[in-house]
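The values are calculated or read from the model by the stated rules, or taken from the named source; none is laboratory data. Because the structure is a prediction, the values reported are computed rather than measured. All Cβ positions, glycine included, derive from the backbone under ideal geometry; neighbour counts span all protein chains shown. The area values use the complete protein model at the heavy-atom level, side chains included, leaving out ligands, DNA and RNA. Shrake-Rupley method; radii C 1.70, N 1.55, O 1.52, S 1.80 Å.
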2 protein chains.
Amino acid sequence: MGLVELPESHPLVRPGGTASAPLVRALRGDRPDRVPVWFMRQAGRSLPEYRRARDGVPMLDACLDPDLAAELTLQPVRRHGVDAAVLFSDIVIPLRLAGVDVDIVPGRGPVLARPVRTMADVRALPELPTDAFAPVARAAALAVAELGDVPLIGFAGAPFTLAAYLVEGGPSKDHLAARTLMLAEPETWRALVTRMADYSAAFLRAQVLAGASAVQLFDSWAGSLAPEVYRSRVRDASARALAGVADLVDPAGRGVPRIHFGLVCPGLLADLRDAGADAVGVDHRTPLDRAIELLGPDVPVQGNLDPAWLGAPEAPRLAATDRILAAGRKAAGHVFNLGHGVPPQTDPDVLTALVAHVHDWEAER
Amino acid sequence: MGLVELPESHPLVRPGGTASAPLVRALRGDRPDRVPVWFMRQAGRSLPEYRRARDGVPMLDACLDPDLAAELTLQPVRRHGVDAAVLFSDIVIPLRLAGVDVDIVPGRGPVLARPVRTMADVRALPELPTDAFAPVARAAALAVAELGDVPLIGFAGAPFTLAAYLVEGGPSKDHLAARTLMLAEPETWRALVTRMADYSAAFLRAQVLAGASAVQLFDSWAGSLAPEVYRSRVRDASARALAGVADLVDPAGRGVPRIHFGLVCPGLLADLRDAGADAVGVDHRTPLDRAIELLGPDVPVQGNLDPAWLGAPEAPRLAATDRILAAGRKAAGHVFNLGHGVPPQTDPDVLTALVAHVHDWEAER
């Protein structure tokens, strides 16, 4: 693989950028002075300033408005002091930018005008136009310009999760149509997830080139698959998506850290790693010490406070946090996060206090 | 525990009843001549005769109409030749019969008029009136009268799944309100799941006394819990529900077989067993041979063809079936089933052919 050097202006490269930020160091297997922390879905409805800024703007329009997307990306950094921003966007943005008729229906999720179920449907999926990601790159660049030494995380949906929306035509409880397609028509399925991988790879690449210092691939639904089905039908495509940024390096040859998060049973955590991730995001159902055992001591981990704790009293919430922080010391690196996204009804002050607690922890040990 | 002998007229007791039926034998750890098979949600929308009979009748009304419920219970036995009927009912029936304002909203699921979130709410939950289950018992008795030596399976929802509906007020994606309650207010939670266990225990008991030859406790949502949370907050309540029929025995002192099914990660299968089940229902995500390793060779298992195979071509579907049948030979007993309920869009002929294939398998080895 030919390597592509990131430009001197990239935050991972330029002096005073993000290379020594706690998030980047932890994801590269180092132990910064404090445990870095960010929250999945931190740019979202839990923040009153988010609700005001988004007011009346449909989700995908907000993602494609560079000024608004950058503002929403920055809000949680300003408010909570988290160690990373994550680009305000949506996993179906590459589909929309390719010209697929998809929209986000409030309270329901992504809905496709036409499900994709045959090889002809897959072949008819449009190519991404050159410069398709211009509004995404602009939003990322605007955010990066304000973030200074705080890293921006780029993200994309994993091919299975994306493909499941296409096959079902929208959200579904058990992804049965997608799971049937992968068993019934493996070639059509492979063509579909390969195409999804290419969409997601291009999405990640655009975000990194615009200044993201790390990426995360989200596979929200991988947990509905038996392990052997994940391995034979899905993992290669996720690896292809993650490989989309593998050639991008700093002058020292260091790559852009890639986090692979899935809601999965413990038995699939090592597969998330084996898809070519630098770090594994652990959901709340696998205790972090167990996850580290399964992944081995060389793999940085991210996670994994159960979001259910956010609505509980502070003392037991912080005790649960401390157990996770203690467990995280056994990994090569640890980024504190929730085990899933921030629930919309979360009190933002709880998150702010949680960030402070995580930051104070190492010093207080 | 004092034992209560089932009456002479009970199918498990009377000559020519169900004690030697393949299902009952397999659940008791025996190897009948053929592998018994039934399907979760076999009485349902996949059958045209079901859609005709249910036409216009709301779900819970259908459950509480003894003639209709018995008819719907019998339909899949007549059509597919399955080795068991499962009573047509719903896990919220005990709530409805206790007087809780709950309804099934088509396309959505159970919806409560008032969520249950405080200790006062829990204390206000009504007691089950004496003879509350009369319409359920009548439906079961009508079905049993026609079933002859084919066992009727009684069923109930596990306390966590039931409690989650009460706390959320309806279906939810991640059961966050319920999971927060169990962390934030363990005493309120314990009171709630204990009450749910008592409802479900009474529901199971009514079905057995009316002629059911086995029972199954369903915990559809247990998979959303971390193992230690399941063990500390949920398992005892499930054990209490299963214990509700533990004292019912035949004259030889043999109990009524109890199946415990949950959609769970492999790490929780042994907990399903340890809650006092005689057999464990395995979902499609844990390969059956792995489940048997985890449970040990003394535990009968049920499962676990992925429902996604029902929409796939026959040859690979039957190959997957054969792999499960072969794996099942390593368990103390094996009941073939799907790994989850029958999808409504299933072609019923596929199920009929699958039953015949399972029945022919042992002979053809």
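Candidates B:R258, B:R205: the one that is at pLDDT 95 or above and touching a helix residue (DSSP H, G or I) at 6+ places or on another chain (Cβ under 6 Å) is B:R258. For the stretch B:112-121, the set of residues classified as under 26 Å from the mean Cα position of the chain (by Cα), crowded, with 18+ Cβ neighbours inside 10 Å and either of a type outside the set (V, I, T) or assigned to a helix (DSSP H, G or I) (or both) consists of B:L112 only. Tell me, please, whether a residue that is in contact (Cβ under 8 Å) with a residue 12 or more places away in the chain, closer than 26 Å to B:G107 by Cα and among the acidic types (D, E) can be found in the stretch B:135-158. Checked against the condition, which is being in contact (Cβ under 8 Å) with a residue 12 or more places away in the chain, closer than 26 Å to B:G107 by Cα and among the acidic types (D, E), the stretch B:135-158 yields no hits at all.
Does B:L166 satisfy the condition of being within 22 Å of the chain's Cα centre (by Cα), in contact (Cβ under 8 Å) with a residue 24 or more places away in the chain and part of a helix (DSSP H, G or I)? Can you show your working first?
Details: within 22 Å of the chain's Cα centre (by Cα): yes; in contact (Cβ under 8 Å) with a residue 24 or more places away in the chain: yes; part of a helix (DSSP H, G or I): yes.
Here the answer is yes, as B:L166 does meet what is asked.
Among the criteria (1) within 23 Å of B:I104 (Cα to Cα); (2) surrounded by fewer than 21 Cβ atoms within 10 Å (Cβ to Cβ), the one B:D33 does not fulfil is (1). Can you spot a residue in the stretch B:122-136 that is at pLDDT 95 or above, part of a helix (DSSP H, G or I) and in contact with a strand residue (DSSP E or B) (Cβ under 6 Å, 6 or more places away or on another chain)? Checked against the condition, which is being at pLDDT 95 or above, part of a helix (DSSP H, G or I) and in contact with a strand residue (DSSP E or B) (Cβ under 6 Å, 6 or more places away or on another chain), the stretch B:122-136 yields no hits at all. Here is a list of conditions, (1) facing chain A (nearest Cβ under 9 Å); (2) part of a strand (DSSP E or B), and B:A320 meets all of them except one; can you say which number that is? With (1) facing chain A (nearest Cβ under 9 Å); (2) part of a strand (DSSP E or B) applied to B:A320, the lone miss is (2).
Scanning the stretch A:14-53 for residues that are hydroxyl-bearing (S, T, Y) and part of a loop (DSSP other than H, G, I, E, B) yields A:T18, A:S20, A:S46.
Kindly indicate the residue of the stretch B:169-192 that is closer than 15 Å to A:G341 by Cβ and either more than 8 Å from chain A (Cβ to nearest Cβ) or not in a helix (DSSP H, G or I) (or both) and also most open to solvent (accessible area, probe 1.4 Å) among those meeting that condition. Only one residue tops the list, namely B:K173.
Quick one: which helices (runs of 4 or more DSSP H) lie wholly within the stretch A:200-300 and hold at least 1 residues that are away from every other protein chain (no Cβ under 14 Å) and of a type in the set (D, E, K, R)?
Because the criterion is at least 1 residues that are away from every other protein chain (no Cβ under 14 Å) and of a type in the set (D, E, K, R), the helices (runs of 4 or more DSSP H) in the stretch A:200-300 that meet it are A:235-243, A:269-274.
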